[in-house]
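Notes follow once the structure below has been shown.
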Amino acid sequence: MDGALVTFDALHSVKANVTWVVETKNAHYIAMIKRNQATAHWQLAGLPWHEIAVQHTASSTGHGRHESRSIKTCSIADGLGGIAFPHTRLALRVHRRRRQTGGRESREKVYAVTSLDAHETTPAHLAAAVRGHWTVEDLHHVRDVTYAEDTSIIRTGTAPRVMATFRNLAVGLFKVLGAANIAKTTRAIRDQPERALPTPGHHQQIG
């Protein structure tokens with residue numbers, strides 16, 4: 001694992017995980033920081049981003065959606081207090097714009113930290129790593145957006161893993177039953193719980 005770059009979503013961006021990656025496995029990390037990491041998120045949001053120029057941009061179109069992304073990076077100096085997250089060398093701010101065909105544009109700012117230093121990487125490389133993380137995390141995206149996983153305050157013991165298993169089970173069941181839209185299907189099940197229990201052998205389209 002030496003020299004590898006590991007990406008963490010917000011649920012798994014905890015100090016023990018990144019410390020193990022850096023100190024035990026001699027690797028690097030990028031960790032997404034959301035409001036469930038209150039102190040680190042507040043520190044990142046308070047950095048002088050307005051003084052930093054955009055360092056890389058990219059865009060893509062597909063599935064009826066156009067998305068553009070820009071990234072800024074900011075070096076973190078330990079002598080000035082640093083960030084409340086171990087081994088952080090760079091802070092990242094990714095600004096995403098999305099527009100569904102015929103729909104309104106949505107905007108989102110995402111903060112992250114990495115153990116990579118400025119001389120070890122480039123904004124384009126970091127942007128690609130973050131984008132790659134999102135690409136392979138479709139399931140996590142559903143769990144975050146539909147089930148608000150990243151903002152969950154359940155963090156004790158194995159409870160986060162248990163809840164993630166339940167969410168995976170729900171998403172998997174919906175897909176087996178032919179659900180095309182997980183969010184829509186979740187709302188339908190919430191309003192009509194009996195639809196979650198189709199008669200065995202009866203193929204019911206639920207979304």
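Cβ-Cβ contacts under 6 Å between residues 6 or more apart (or on different chains), taken from a first residue in the range 31-48 that is free of Cβ contacts under 8 Å to residues at least 60 places away in the same chain to a second residue that is in a loop (DSSP other than H, G, I, E, B), are listed as Thr39/Ala84; Gln43/Ile83.
Note on the range 102-120: among residues that are at pLDDT 90 or above and open to solvent by 30 Å² or more (accessible area, probe 1.4 Å), the one that is nearest to His66 (Cα to Cα) is Lys109. Taking strands (runs of 3 or more DSSP E) as the structural unit, those lying wholly within the range 1-66 and holding at least 2 residues that are surrounded by 19 or more Cβ atoms within 10 Å (Cβ to Cβ) and either in contact with a helix residue (DSSP H, G or I) (Cβ under 6 Å, 6 or more places away or on another chain) or among the acidic types (Asp, Glu) (or both) correspond to 5-8, 28-33.
Scanning the range 142-160 for residues that are surrounded by fewer than 16 Cβ atoms within 10 Å (Cβ to Cβ), within 14 Å of the chain's Cα centre (by Cα) and in a helix (DSSP H, G or I), we see that the one that is modelled with the lowest pLDDT is Val145. Given the conditions (1) of a type in the set (Val, Ile, Thr); (2) farther than 17 Å from Leu126 by Cβ; (3) over 19 Å from the mean Cα position of the chain (by Cα), and given that Val14 satisfies all but one, which numbered condition is not satisfied? The failed condition is (3).
The values are calculated or read from the model by the stated rules, or taken from the named source; none is laboratory data. Just so it is clear, the structure is predicted and the values come from calculations on it, not from any experiment. As a convention, Cβ positions derive from the backbone with ideal geometry for all residues, glycine included, and neighbour counts pool all protein chains shown. The accessibility values were calculated without ligands, DNA or RNA, using every heavy atom of the protein model including side chains. Shrake-Rupley method; radii C 1.70, N 1.55, O 1.52, S 1.80 Å.
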